[in-house]
Amino acid sequence: MSFTAQDVAKLRAQTGVGMMECKNALTEANGDFEKAIVILRERGLKAVDKKQGRIASEGLVASYIHMGGRIGVLVEVNCETDFVAKSDDFQVLVKDIAMHIAAANPKYVTEAEVPTAELDAEKEILKVQALNEGKPANIVERMIEGRIKKYYEDVCLLNQPFVKDSSKTIKDILTEATLKIGEKISIRRFVRYELGEGLEKRNDNLAEEVAKQMAGK
């Protein structure tokens, strides 16, 4: 199967990978566009893995204040050099992450940050739920594993579907940015404030409101 220069350009636009790498991937895939994407993704993940041992101590602490000042977010995203930290691509990435945090309201950055006591309590709740549903005891543990995955998607930033493109997680977004920018990129920490949080108030879904605004951008 042959391919054209337009195919190479299209693959580059979709993946953010260099023209020559896109051409080589299409050649290896015999012109199959979807297969070429898989090839680039596999190569990219290996490249990202190699970068994980690097030190990323530069970056930005960015803020996002939702319209009207009802939700505020501070997030620290790290890269390796000050040059990248000042680039448009990196600054857009950090802004998107801050807006995502406002919309999705995660509690932790990674699964490893979830306290053991909290995770054990969640598993016990899920176990009782499964047994109350009449599920056989021999498959309850497998059910808990599947539901814990959903729990991580709810509370861990890296596991959450990106609010601007739910086909990708925040971890996928970081991987793509690492490949495009060429440096290790990581989210170190964040804090999210919601007006009146912890106080008795109307049940407004502010996170949903933020998500709708982001989708419209």
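The values are calculated or read from the model by the stated rules, or taken from the named source; none is laboratory data. Because the structure is a prediction, the values reported are computed rather than measured. Note that we place each Cβ from the backbone using ideal geometry, even for glycine, and neighbour counts take in every protein chain shown.
For region 60-100, a residue qualifies if it is under 15 Å from Tyr193 (Cβ atoms) and in a helix (DSSP H, G or I), and the qualifying residues are Ala98, Met99. Screening Arg142 with (1) touching a residue at least 12 places away in the same chain (Cβ under 8 Å); (2) not in a strand (DSSP E or B) gives one miss only, at (1). Within region 88-106, the set of residues being exposed (fewer than 14 other Cβ atoms within 10 Å of the Cβ) and either in contact (Cβ under 8 Å) with a residue 40 or more places away in the chain or touching a Pro at 6+ places or on another chain (Cβ under 7 Å) (or both) comprises Asp89 only. Can you find even one residue in region 188-209 that is at pLDDT below 90, surrounded by 15 or more Cβ atoms within 10 Å (Cβ to Cβ), out of contact with any Phe, Trp or Tyr (no Cβ under 9 Å at 6 or more places or on another chain) and not hydrophobic (A, V, I, L, M, F, W, C)? Looking through region 188-209, at least one residue is at pLDDT below 90, surrounded by 15 or more Cβ atoms within 10 Å (Cβ to Cβ), out of contact with any Phe, Trp or Tyr (no Cβ under 9 Å at 6 or more places or on another chain) and not hydrophobic (A, V, I, L, M, F, W, C).
Here Ile55 passes the criteria (1) more than 17 Å from Leu179 (Cα to Cα); (2) modelled with pLDDT under 70 except the one numbered (1).
Please state which one of Gly134, Gly146, Gly182, Gly198 is more than 16 Å from the chain's Cα centre (by Cα) and under 21 Å from Val61 (Cα atoms). Give the steps one after another, and end with the answer.
Working: Gly134 fails: under 21 Å from Val61 (Cα atoms); Gly146 fails: under 21 Å from Val61 (Cα atoms); Gly198 fails: under 21 Å from Val61 (Cα atoms).
Among Gly134, Gly146, Gly182, Gly198, only Gly182 is more than 16 Å from the chain's Cα centre (by Cα) and under 21 Å from Val61 (Cα atoms).
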